[in-house]
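This report refers to the structure that appears directly beneath it.
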Amino acid sequence: MRKAIAPIVALIIAGAGLTTFFALRTSPEPVTSTYFLMDTVFTVKTTGGDAATINEHLHALASDVDSMTSYYKAESQTVRVNAAAGKGSVSVSPEYAALLKTAVAVEAIDHGRTFDIAISPLSSLWGFTTKDFRVPSAKEISDTLAYSHSDQLVLSGTTVQLRDSRSRIDLGGVAKGYSLDVMEEYLKTVKPQPQQVIVDFGGNLLLYSGGKKHDWKVGIRDPRGQGIIGYVRSDDAFVATSGDYERYFERDGKRYCHIIDPSTGYPGTLNRSATIITDIQPMHGAIGDALGKVFFCSPAGSQRSLFQTVQGQGVVGVVIVDAAGTRSTLGPITFVSTTAQ
Amino acid sequence: MKRSDRIVGVVILIALMLTIVSWIVMHRTRGAVAVVRVNDKVVATVDLTSLEPQTLHITGVLGPLVIVADGKGSIRVAEATCPDQICVHTIPARSPGDQVICVPNHMVITVEGKGTGIDALAQ
């Protein structure tokens with residue numbers, strides 16, 4: 001009797017032991033850190049490697065980009081360029097010049113009609129820089145628009161000049177994406193390599209698995225509610241979203257969002273959100289960030305040809321929710337809807 | 001019953017209990033719980049399954065915030081000392097992954113709980 005039962009008991013104990021072992025010792029727990037900068041939330045979730053140190057370092061890198069590009073912080077290169085508007089040229093760092101060049105190149109894709117870093121006097125006119133919101137008159141808008149285009153910007157090597165004394169540049173439309181570029185450069189060099197890092201910088205994402213081809217599931221935020229309207233699957237990528245649902249004000253039942261359409265001087269109204277997925281290549285974080293505004297301010301009729309222009313330059317796919325709530329995708333991505341339109 | 005049989009019985013029982021405990025550890029699920037953080041430190045936790053409405057008074061970086069759980073599964077910021085009032089206008093959070101954020105106050109409400117199945121949210 002005893003002999004017959006002993007092996008069974010041993011087997012059960014072994015089984016229970018193994019189950020316990022795997023339950024308690026799965027992959028390392030992710031370390032999540034949340035910081036606040038660039039007027040938004042910055043969250044890093046790192047699994048494996050020296051996670052806490054990685055998170056701290058990523059935050060330091062984002063702070064550096066903020067100090068370099070900020071529209072508000074004294075001593076930033078943007079503030080120096082703006083302070084010299086109409087007076088003379090300013091010498092900037094090679095990194096800053098490269099970022100400006102990238103932003104101007106994205107502007108050129110749609111001839112400055114849908115994205116312009118020199119639109120910031122209009123943002124100020126609408127009160128988005130001071131949060132003292134107001135609806136300007138049509139005359140104020142057309143007057144301001146006259147000097148709020150990048151044709152006022154002269155960029156030669158690392159020398160920058162704004163011709164009109166009233167012109168201003170603001171790199172808020174590329175700074176978060178550019179931060180993700182800088183972070184990705186650093187993550188590649190980290191030893192030991194983390195298994196996964198998810199950086200969420202105000203909704204702009206860096207999905208990093210160190211080339212392990214992780215199959216990421218990226219939720220697309222419902223622009224008129226909490227939660228998601230669906231998701232897309234992606235390899236490691238930068239994911240940038242421009243939307244009208246976080247920074248906006250309402251007057252007389254009308255919504256005015258913070259993204260100013262450079263062709264009109266009014267807040268963009270054609271779409272609710274545009275999400276751009278770009279592959280992991282230098283500057284593709286910044287490019288994706290800027291393209292978010294391009295597609296956000298584009299009418300449906302021109303989105304397809306715009307996409308064909310940028311597809312060869314690292315853009316994997318685009319998800320757009322238009323002003324009526326209709327969703328469309330561009331590129332070889334599959335959008336899986338989790339809610340009805 | 002022999003003494004050895006009893007030992008075998010106890011051993012089987014322990015093994016069974018170990019298996020059950022492991023199973024629970026592996027598959028534990030939390031009900032929807034809202035966690036309120038200021039500067040990444042937890043300042044309050046609210047059970048959203050509770051039917052009792054609840055009002056929280058917390059202090060953010062800029063000043064006081066009033067957070068209301070309505071007793072029907074939603075949580076929102078009712079009042080805040082911040083210039084833009086984005087948090088107050090944010091749609092209440094109720095499902096895992098939902099957030100209400102007040103950037104000037106460094107305050108984040110996150111609904112935690114099992115599985116949205118999503119790695120990250122593009123927004």
- Task: Taking H placed 1.01 Å from N in the peptide plane, check which residues at least 5 places from A:L37 or on another chain put their amide H under 5 Å from its amide H.
- Result: A:F42
- Along each of the three principal axes of the Cα atoms of region A:185-341, give the extent in whole Å, ordering the values from largest to smallest. 56, 31, 26
- Task: Starting from the Cα coordinates of region B:33-112, work out the convex hull volume and express it per residue in Å³.
- Result: 70 Å³
- Let me know the whole percent of all Cα-Cα pairs from the protein assembly as shown that are separated by more than 31 Å. 48 percent
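Count, for each residue of A:195-205, the Cβ atoms from other chains sitting within 10 Å of its Cβ, then give me the mean as a whole number. Intermediate results must be reported in sequence, preceding the final value.
Working: counts 0, 1, 0, 3, 1, 4, 0, 3, 4, 2, 5.
Partner Cβ neighbours, averaged per residue: 2.
Would you mind working out the magnitude of the charge dipole of region B:33-112 relative to its Cα centre, with +1 at each Lys and Arg C-beta and -1 at each Asp and Glu C-beta, to the nearest 20 Debye?
Numbers: 5 positive and 8 negative charges, 7 e Å.
For region B:33-112, the charge dipole is close to 40 debye.
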- Considering amide H positions built from the backbone, and no H for Pro or chain starts, which residues 5 or more places from A:G230, or on another chain, come under 5 Å of its amide H? A:I220, A:T338
- Query: Once the Cα atoms of helix A:94-109 and of chain A are each reduced to a long axis, what angle between those two axes, in degrees from 0 to 90 to the nearest 10, is obtained?
  - Reply: 80 degrees
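Quick one: dipole size for chain A, taken about the Cα centre, charges +1 on Lys/Arg Cβ and -1 on Asp/Glu Cβ, in debye to the nearest 20.
Working: 32 positive and 33 negative charges, 169 e Å.
The calculated dipole for chain A is roughly 820 debye.
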- Message: What are the ³J(HN,Hα) couplings of region B:91-96, residue after residue, when phi is run through the Karplus curve with 6.51, -1.76, 1.60 and θ = phi - 60°? Round to Hz, x for glycine and proline.
- Response: 4, x, 8, 9, 9, x
- Message: If I fit a long axis through the Cα atoms of helix B:3-27 and take the longest principal axis of the Cα atoms of chain B, what angle between them do I get, 0 to 90°, rounded to 10?
- Response: 20 degrees
- Query: For region B:37-43, what does the Karplus curve 6.51 cos²θ - 1.76 cosθ + 1.60, with θ = phi - 60°, yield as ³J(HN,Hα) per residue in whole Hz, taken in order and with x for Gly and Pro?
  - Reply: 10, 10, 6, 6, 9, 5, 10
- Once the dipole of region A:31-337 is set up with Lys and Arg at +1 and Asp and Glu at -1 on Cβ about the Cα centre, which of A:S148, A:C297, A:V92 lies farthest towards its positive end? A:C297
- Using alpha-carbon coordinates, inclination of helix A:300-311 to the longest axis of chain A, degrees: 70 degrees
- Among A:A14, A:A240, A:A118, determine the one that fluctuates most according to a GNM of chain A built with springs between C-alpha atoms less than 10 Å apart. A:A14
- Say the dipole of the protein assembly as shown comes from +1 at the beta carbon of Lys and Arg and -1 at that of Asp and Glu; which of A:Y178, A:A240, A:S76 then lies farthest toward its positive end? A:A240
- Task: Return the lysines within reach of B:K2: Cα separation strictly under 18 angstrom, same-chain partners fewer than 8 residues apart disregarded; answer none if there are no such residues.
- Result: A:K3
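Using mean Cβ contacts within 10 Å as the protection proxy, how do B:66-76, B:44-54 order, highest first?
Numbers: B:66-76: 17.8, B:44-54: 13.5.
Sorting B:66-76, B:44-54 by mean packing, highest first, produces B:66-76, B:44-54.
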- Query: Between A:T189, A:T264, A:T102, which gets the highest mean-square fluctuation from a Gaussian network model of chain A, Cα cutoff 10 Å?
  - Reply: A:T189
- Message: Considering only C-alpha atoms, what is the centroid distance from region B:89-123 to region A:170-216, in Å?
- Response: 21 Å
- Task: Mind listing the lone cysteines of the protein assembly as shown, meaning no other Cys beta-carbon sits under 4.7 Å from theirs?
- Result: A:C257, A:C297, B:C82
- Note on the structure: Helix-only [θ] at 222 nm, chain A, -39500 (n - 2.57) per DSSP H run of 4+, per residue, nearest 500, equals -11000 deg cm²/dmol
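Where a number appears in this text, it was derived from the coordinates with a stated rule and is not lab data. Note that this is a predicted model, so its numbers are computed, not measured. Cβ: placed from backbone, ideal geometry, glycine included. Neighbour counts: every protein chain shown.
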